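Participant: Once you've had a glance at the structure underneath, I'll fire off some questions.
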Amino acid sequence: MDHEANAFRELPVLEQLARLGRIGLGILEQMGRGHLLLWQILAGISELFTRPRLLLNQLFSVGVLSILIVAISGTFVGMVLGLQGFYILSQFGAEQTLGVMVAASLVRELGPVVTALLFAGRAGSALTAEIGLMKATEQLSGLEMMAVNPIKRILTPRFFAGFMAMPLLAAMFSALGVLGGYFVGVGLLGVDDGAFWSQMQTKIDLNEDVLNGVIKSLVFGFVCSWIALFQGYGAVPTSEGVSRATTRTVVHSSFAVLGLDFILTALMFGE
Amino acid sequence: MIDDEPLVSIKNLRFSRGERVIFDGVDIDIPRGKVTAIMGPSGTGKTTLLKIIGGQLRPATGTIHVDGEQVERLGTRDLYRLRMRMGMLFQSGALLTDIPVFENVAYPIREHTGLPESLIRKLVLLKLEAVGLRGARDLMPHELSGGMARRVALARAMALDPMMIMYDEPFTGQDPISMGVLVKLIRALNDASRLTSVVVSHDVREAAQIADYIYIISNGKVIEHGEPDAMMNSASEWTNQFMNGLADGPVPFHYPAPGLEQDLMSGP
């Protein structure tokens with residue numbers, strides 16, 4: 001035994017290289033699996049037309065049940081934006097543009113991004129845990145043995161529910177955020193009511209700001225649902241495996257959302 | 001005569017998980033209309049064997065015929081069609097946890113037939129009656145005991161009147177009463193519905209009680225097969241140890257280790 005250990009110690013570089021290679025291959029393999037699963041999920045889309053009930057149920061549990069956290073967070077983020085914005089803008093005597101600042105930051109960035117992060121924590125983790133536990137309790141195998149395709153029946157509706165719910169949740173986040181900003185800026189700090197809304201109306205562009213925000217949240221919805229389902233479906237079917245997979249869903253989704261946000265922003269708003 | 005042909009015929013099956021070889025040249029024939037028990041110590045891949053028969057896993061080499069169809073060669077569509085004629089009872093029951101007992105049993109019927117609701121109701125009630133749980137139809141899976149969950153799962157496995165049912169460790173973790181109920185049910189269903197049953201188990205007494213034929217597998221090979229009486233009085237030391245639950249024998253009590261004295265003295 002000691003002999004072997006020494007042999008490895010003599011070649012640390014090779015050993016490190018081999019480990020690096022293994023990690024790289026592992027990542028590639030994961031990506032391959034992820035894409036295959038995505039393909040199978042998308043191929044099940046016909047199921048949504050023959051059984052619309054499946055999609056409606058999932059829209060409820062993924063979307064409607066996330067409304068509360070999204071609404072509350074949206075309102076508070078908007079209120080904080082109102083406060084911070086007012087203090088900074090008033091130094092330049094520009095507090096009349098508070099509405100623009102609040103709305104632009106929400107619609108362009110905070111709405112899609114924060115909603116996606118909340119979604120990953122609230123709905124994504126729940127999806128992973130649900131699928132992982134269905135796997136651990138052999139429900140997915142059971143479906144397969146009943147000649148029912150679990151990917152079509154279980155994963156596809158959840159995927160599209162997440163994809164569709166995200167932009168709606170982000171819109172709600174932004175709308176309530178604007179109201180929160182209005183409440184603080186106009187209601188508490190005395191910014192002019194008319195200026196708040198009219199500046200916002202003239203400066204916020206439907207295509208440039210709103211549409212880009214919607215595109216972002218569609219992308220985030222796609223990626224977050226994909227990650228959550230992939231982690232759940234690939235989870236090691238034990239309690240430890242499911243808990244790890246749930247953690248990975250939140251971590252990977254957050255990284256993906258923030259990274260993609262930078263890329264999308266650069267593509268959309270760069271010259 | 002087609003009836004003489006085994007329903008399931010496995011030839012030269014090899015299968016491994018990573019480095020670990022699970023099956024290394026296994027041949028098993030499962031006769032029609034009989035209860036066949038496949039036994040072996042934990043971790044010998046008995047569940048894996050059922051998954052291979054059901055086409056959920058594909059073997060490295062070897063052939064698996066079920067009712068004349070070569071399972072590992074079937075495409076998805078044909079495989080699903082074949083699976084509609086096979087029932088499987090999972091160890092945990094594998095009931096869908098978000099719908100009540102009635103809906104669980106109705107699930108495969110709704111999925112695969114266009115039967116009207118009134119007929120589905122009658123069928124489900126009959127299946128539940130057969131396992132003695134007609135009164136439990138409105139309970140949710142989490143309200144059932146382990147034995148009841150398995151019986152519901154059995155009703156669900158029978159919902160489409162399959163030609164065979166595979167039982168994955170049906171007796172594990174059951175109290176004596178529900179164990180007795182399951183033993184009786186498996187035998188009764190097999191004879192009443194002219195099923196073919198495959199019972200994977202390491203509960204020797206119960207399995208031997210209902211089986212018409214027994215296969216014992218260990219270390220990736222079929223160790224011995226025959227009728228229960230013959231197996232109980234087997235000349236093979238290994239079979240004898242397994243069937244009678246002896247602590248020591250060809251399967252040693254100790255996990256391989258250096259000598260105790262050496263181990264104790266060499267420590268810090």
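Participant: Take residue B:82 and tell me if it is surrounded by 15 or more Cβ atoms within 10 Å (Cβ to Cβ), within 14 Å of chain A (Cβ to nearest Cβ), under 30 Å from residue B:4 (Cα atoms) and at pLDDT 90 or above. Full working, then the answer.
Facilitator: Details: surrounded by 15 or more Cβ atoms within 10 Å (Cβ to Cβ): yes; within 14 Å of chain A (Cβ to nearest Cβ): yes; under 30 Å from residue B:4 (Cα atoms): yes; at pLDDT 90 or above: yes.
For residue B:82, the condition - surrounded by 15 or more Cβ atoms within 10 Å (Cβ to Cβ), within 14 Å of chain A (Cβ to nearest Cβ), under 30 Å from residue B:4 (Cα atoms) and at pLDDT 90 or above - is met.
Participant: Select from the range A:84-95 the residues that are modelled with pLDDT under 90 and under 12 Å from residue A:195 (Cβ atoms) and write down the one among them that is surrounded by the most Cβ atoms within 10 Å (Cβ to Cβ). Explain how you work it out, then say what you get.
Facilitator: As a first pass, look at the range A:84-95 and keep what is modelled with pLDDT under 90: A:93-95.
Checking the rest, the ones that are also under 12 Å from residue A:195 (Cβ atoms) come to A:94-95.
Details: A:94: 14, A:95: 22.
Once the filter is applied, the top-ranked residue is A:95.
Participant: Still on this model: Output the residues belonging to the range B:97-108 that are of a type outside the set (Gly, Ala, Ser), buried (at least 19 other Cβ atoms within 10 Å of the Cβ) and more than 19 Å from residue A:135 (Cα to Cα).
Facilitator: B:101, B:102, B:105
Participant: Take the range B:18-32 and flag every residue that is part of a strand (DSSP E or B) and either in contact with a strand residue (DSSP E or B) (Cβ under 8 Å, 6 or more places away or on another chain) or in contact (Cβ under 8 Å) with a residue 12 or more places away in the chain (or both). Full working, then the answer.
Facilitator: Keep residues of the range B:18-32 that are part of a strand (DSSP E or B), which gives B:20-30.
Selection gives B:21, B:22, B:23, B:24, B:25, B:26, B:27, B:28, B:29, B:30.
Participant: Condition check: out of contact with any Asp or Glu (no Cβ under 7 Å at 6 or more places or on another chain), surrounded by fewer than 23 Cβ atoms within 10 Å (Cβ to Cβ), farther than 20 Å from residue A:130 by Cβ and of a type outside the set (A, V, I, L, M). Does residue A:247 satisfy that?
Facilitator: Working: out of contact with any Asp or Glu (no Cβ under 7 Å at 6 or more places or on another chain): yes; surrounded by fewer than 23 Cβ atoms within 10 Å (Cβ to Cβ): yes; farther than 20 Å from residue A:130 by Cβ: no; of a type outside the set (A, V, I, L, M): yes.
Judged against the criteria, residue A:247 is not a match.
Participant: Same structure again: Output the residue which, of all residues in the range B:40-60 that are under 13 Å from residue B:70 (Cα atoms) and part of a helix (DSSP H, G or I), is farthest from the other protein chains (Cβ to nearest Cβ). Outline the logic, then answer.
Facilitator: Let us first name the residues in the range B:40-60 that are under 13 Å from residue B:70 (Cα atoms), namely B:52-55, B:58-59.
From the residues that got through so far, the ones that are part of a helix (DSSP H, G or I) too are B:52-53.
Values: B:52: 12, B:53: 10 Å.
Among them, the one singled out is B:52.
Matching residues to (1) among the aliphatic types (A, V, I, L, M); (2) without any contact (Cβ under 8 Å) to a residue 12 or more places away in the chain; (3) within 14 Å of another protein chain (Cβ to nearest Cβ); (4) surrounded by 15 or more Cβ atoms within 10 Å (Cβ to Cβ):
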| position | (1), (2), (3), (4) |
| --- | --- |
| B:73 | no, yes, no, no |
| B:78 | no, yes, yes, no |
| B:88 | yes, no, yes, yes |
| B:91 | no, no, yes, yes |
| B:95 | yes, no, yes, yes |
| B:131 | yes, no, no, yes |
| B:135 | no, yes, no, no |
| B:139 | yes, no, no, yes |
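Here's the yes/no breakdown for (1) surrounded by fewer than 19 Cβ atoms within 10 Å (Cβ to Cβ); (2) of a type in the set (Asp, Glu); (3) in contact (Cβ under 8 Å) with a residue 24 or more places away in the chain:
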site: A:161; (1), (2), (3): no, no, yes
site: A:172; (1), (2), (3): yes, no, yes
site: A:180; (1), (2), (3): no, no, yes
site: A:190; (1), (2), (3): yes, no, no
site: A:217; (1), (2), (3): no, no, yes
site: A:254; (1), (2), (3): yes, no, yes
site: A:257; (1), (2), (3): no, no, yes
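Participant: Evaluate the range A:162-181: report whether one residue or more is within 14 Å of chain B (Cβ to nearest Cβ), closer than 16 Å to residue A:223 by Cα and part of a helix (DSSP H, G or I). Full working, then the answer.
Facilitator: Applying the first criterion (within 14 Å of chain B (Cβ to nearest Cβ)) to the range A:162-181 yields none.
Scanning the range A:162-181 turns up no residue that is within 14 Å of chain B (Cβ to nearest Cβ), closer than 16 Å to residue A:223 by Cα and part of a helix (DSSP H, G or I).
Participant: Conditions: (1) within 11 Å of another protein chain (Cβ to nearest Cβ); (2) at pLDDT 90 or above; (3) over 24 Å from residue B:5 (Cα atoms). Residue B:123 meets all but one. Number of the miss?
Facilitator: In the conditions (1) within 11 Å of another protein chain (Cβ to nearest Cβ); (2) at pLDDT 90 or above; (3) over 24 Å from residue B:5 (Cα atoms), residue B:123 misses (1) alone.
Participant: What about residue A:221, is it in contact with a helix residue (DSSP H, G or I) (Cβ under 6 Å, 6 or more places away or on another chain), buried (at least 24 other Cβ atoms within 10 Å of the Cβ) and farther than 22 Å from residue A:27 by Cβ?
Facilitator: Values: in contact with a helix residue (DSSP H, G or I) (Cβ under 6 Å, 6 or more places away or on another chain): yes; buried (at least 24 other Cβ atoms within 10 Å of the Cβ): yes; farther than 22 Å from residue A:27 by Cβ: yes.
In short, yes.
Participant: For the range A:26-116, please list each of the helices (runs of 4 or more DSSP H) lying entirely inside it that holds at least 3 residues being more than 30 Å from residue A:179 (Cα to Cα).
Facilitator: Counting at least 3 such residues, we get A:46-50, A:52-58.
Participant: Looking at A:81, A:59, can you tell me which residue is closer than 30 Å to residue A:149 by Cβ and touching a residue at least 12 places away in the same chain (Cβ under 8 Å)? Spell out the reasoning first.
Facilitator: Numbers: A:81 fails: closer than 30 Å to residue A:149 by Cβ.
The match here is A:59.
Participant: Taking residue B:36, is it modelled with pLDDT of 90 or more and either out of contact with any helix residue (DSSP H, G or I) (no Cβ under 6 Å at 6 or more places or on another chain) or surrounded by fewer than 16 Cβ atoms within 10 Å (Cβ to Cβ) (or both)?
Facilitator: So residue B:36 passes the test.
The values are calculated or read from the model by the stated rules, or taken from the named source; none is laboratory data. On a predicted model such as this, the values are computed, not experimentally measured, just so you know. Neighbour counts are summed over all protein chains in view; Cβ atoms, including those assigned to glycine, are modelled from backbone coordinates with ideal geometry.
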